[in-house]
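Trainee: I have a structure here, written as structure tokens, and I will follow up with some questions on it.
The values are calculated or read from the model by the stated rules, or taken from the named source; none is laboratory data. The model shown is predicted, which means the values in this text are computed figures rather than measured ones. Using ideal geometry, Cβ is built from the backbone for each residue, glycine included, and neighbour counts are taken over all protein chains shown. The area values use the complete protein model at the heavy-atom level, side chains included, leaving out ligands, DNA and RNA. Shrake-Rupley method; radii C 1.70, N 1.55, O 1.52, S 1.80 Å.
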Amino acid sequence: MSVQPRVSVVVPAFNEANSLPTLCRRIDQILTQELGETYELILVDDGSIDNTWDSIQRLTEQFPVHGLRLSRNFGKESALCAGIEMAQGEVVVSMDGDLQHPPELLALMIEKWRETGCDLVEAVKTRAQNEGTVSRLRAKIFYKVFSVLCGFDLSGMTDYKLLTRSAREAWLNMPERTLFFRGMTNWIGFHRETVQFQVPDIEDRHSRWSFTGLLRYALRNITAFTAVPLYLFAFLGLFFLFPAAILALDTLRRWFQGVAVEGFTTVIILVLLVGGLNFIGLSVLGLYLGRVYEEVKQRPRYIIRARTDR
Ligand code: UDP
Ligand code: MG
């Protein structure tokens, strides 16, 4: 085994065979030639269906690359986790493999860490021109809902982060199966600093997120992170209890007075409203039950199929 590197860069890769060579070259340029750092590059093939794994194996010959191949596509967060668990560096940097996280920013992040002695450096997106209005709006709504429910404002946050040992340990110590890297690294606290960057326009790169995919992702992250939606229904119930009590008293009064025929409109509206709310409440419960089910199964977060030799 080689000497312990100072910087570990972890890159989850799903069908990134084309971009990985450029990524490695640019990372090496910055870390070795410009900063003179020792580093390791952990590339995690997250069940790709192109030749990402071949590409990773070839790259080990040129660069200090360690490759992990997961047994199937586990999702970005699990792939990141696999890489971060393996990292040996004094600091770990998580970075996307599609060149949307410019490697040149590494210099700034490392400098920030050195200058301030912080535990976490986060790369924050400034408004990207190349991002469509719809996707910006979607992200905005998600972050707004998330911040109202969870109390963390994650807008502009990315998974491009530098973690020192303490932050890395704290994150790895969280045992849940459903990972939300951005949210969890925020939750742990510590001294955090930010650097700004603009997401470069990558040709031939349209977002892989469909609307339903995004909705699932948002629901998964929110339910994995906060139980507030469950409590909201308790408040809603209380909120409706008061007018319902008044209405009940009024109905009884009419009955006693013998004028109880009117009022179908009220009944229909109430039935629809309460029925609808009941269904929503039940499905929220279902979502959480599903989360609990996933957690109690205690399955591993990922399974490693192969690794390149250290
Ligand atoms: N990724 C992954 N597993 C997946 C999906 C994505 O490892 O199931 C990786 C992908 O290769 C890239 C990073 O996660 O390095 C970000 O993915 P993508 O660019 O699709 O997401 P976006 O930029 O739209 O957030
Ligand atoms: Mg991307």
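Trainee: Between Val267 and Phe239, what FRET efficiency comes out of the Förster formula 1/(1 + (r/R0)^6) with R0 = 25 Å and r the beta carbon distance, rounded to 0.05?
Mentor: On the way: r = 20 Å, r/R0 = 0.78.
After rounding to 0.05, the efficiency reads 0.80.
Trainee: What would the Debye equation give as log₁₀ I(q)/I(0) for the stretch 172-310 at q = 0.11, 0.15, 0.17 Å⁻¹, counting only Cα atoms as equal point scatterers?
Mentor: For the stretch 172-310 at q = 0.11, 0.15, 0.17 Å⁻¹, log10 I(q)/I(0) is -0.73, -1.03, -1.15.
Trainee: Separate question: Given Cβ point charges of +1 (Lys, Arg) and -1 (Asp, Glu) and nothing else, what value in debye, to the nearest 20, does the dipole of the stretch 237-310 about its Cα centre take? Numbers along the way, then the final one.
Mentor: Numbers: 9 positive and 5 negative charges, 141 e Å.
Magnitude of the dipole: close to 680 debye.
Trainee: Figure the gain on full extension for Arg253 and Arg25 (residue separation times 0.36 nm, minus the Cα-Cα span) and round it to one decimal in nm. Could the numbers behind the result be given before it?
Mentor: Working: separation 228, 0.36 × 228 = 82.08 nm, distance 8.13 nm.
74.0 nm is the gain from fully extending Arg253 to Arg25.
Trainee: What does the stretch 1-105 give for Rg and for Dmax, in Å, if only its C-alpha atoms count?
Mentor: That works out to 12.4, 36 Å for Rg and Dmax.
Trainee: From the gyration tensor of the Cα coordinates in the stretch 254-310, what semi-axes in whole Å does the equivalent ellipsoid have, largest first, with each one equal to sqrt(5λ)? Don't skip to the end; give the middle numbers.
Mentor: Numbers: eigenvalues 638, 22, 4 Å².
That gives 56, 10, 5 Å for the three semi-axes.
Trainee: Which percent of the accessible area of the stretch 262-310 is formed by carbon and sulfur heavy atoms (probe 1.4 angstrom)?
Mentor: 69 percent
Trainee: Mind pulling the per residue volume of the convex hull built on the Cα atoms of the stretch 68-225? Å³ is fine.
Mentor: Numbers: hull volume 19.9 nm³, N = 158.
Value for the stretch 68-225: 126 Å³ per residue.
Trainee: Next question. For the stretch 1-68, what % of the accessible area comes from carbon and sulfur atoms, probe 1.4 Å? Don't jump to the answer; show the numbers that get you there.
Mentor: Working: 1360 of 2990 Å².
Carbon and sulfur: 46 percent of the exposed surface of the stretch 1-68.
Trainee: While we're here: Let me spell out the model: positive unit charges on the Cβ of Lys and Arg, negative unit charges on the Cβ of Asp and Glu, origin at the Cα centre of the chain. What dipole size does that give, in debye rounded to 20?
Mentor: Details: 34 positive and 34 negative charges, 205 e Å.
That gives the chain a dipole magnitude of about 980 debye.
Trainee: If N is the number of residues in the stretch 36-155, what value comes out of its Cα radius of gyration divided by 2.2 N^0.38 Å? Display every interim value, and only then the final one.
Mentor: On the way: Rg = 16.9 Å, N = 120, 2.2 N^0.38 = 13.6 Å.
Normalised Rg, Cα atoms only: 1.25.
Trainee: Dipole magnitude of the stretch 75-169 about its Cα centre, charges +1 at Lys/Arg Cβ and -1 at Asp/Glu Cβ only, in debye to the nearest 20?
Mentor: 440 debye
Trainee: Hey, what D do you get for the chain in µm²/s if you plug the Kirkwood alpha-carbon radius into Stokes-Einstein at 20 °C and 1.002 mPa s? Walk me through the intermediate numbers first.
Mentor: Working: Rh = 22.2 Å.
Estimated diffusion coefficient is 97 µm²/s.
Trainee: Sort Leu106, Leu252 by accessible area with a 1.4 Å probe, largest first.
Mentor: On the way: Leu106 0, Leu252 95 Å².
Largest accessible area first, the residues go Leu252, Leu106.
Trainee: Please calculate how many Å² of accessible area the chain carries per residue, with a 1.4 Å probe and no DNA, RNA or ligand atoms counted. It would help to have the intermediate numbers written out before the result.
Mentor: Numbers: 17330 Å² over 310 residues.
Averaged over the residues of the chain, the accessible area is 56 Å².
Trainee: In what order, largest first, do Ser166, Ser48 sit by accessible area if the probe radius is 1.4 Å? Don't skip to the end; give the middle numbers.
Mentor: Details: Ser166 50, Ser48 20 Å².
So the residues, ranked largest to smallest area, are Ser166, Ser48.
Trainee: When the helices in the chain are scored as -39500 (n - 2.57) per DSSP H run of 4 or longer and the sum is shared across all residues, what 222 nm value do you end up with, to the nearest 500 deg cm²/dmol? Walk me through the numbers before you get to the answer.
Mentor: Working: 10 runs with 151 residues, N = 310.
When only DSSP H runs of four or more count, the value is -16000 deg cm²/dmol.
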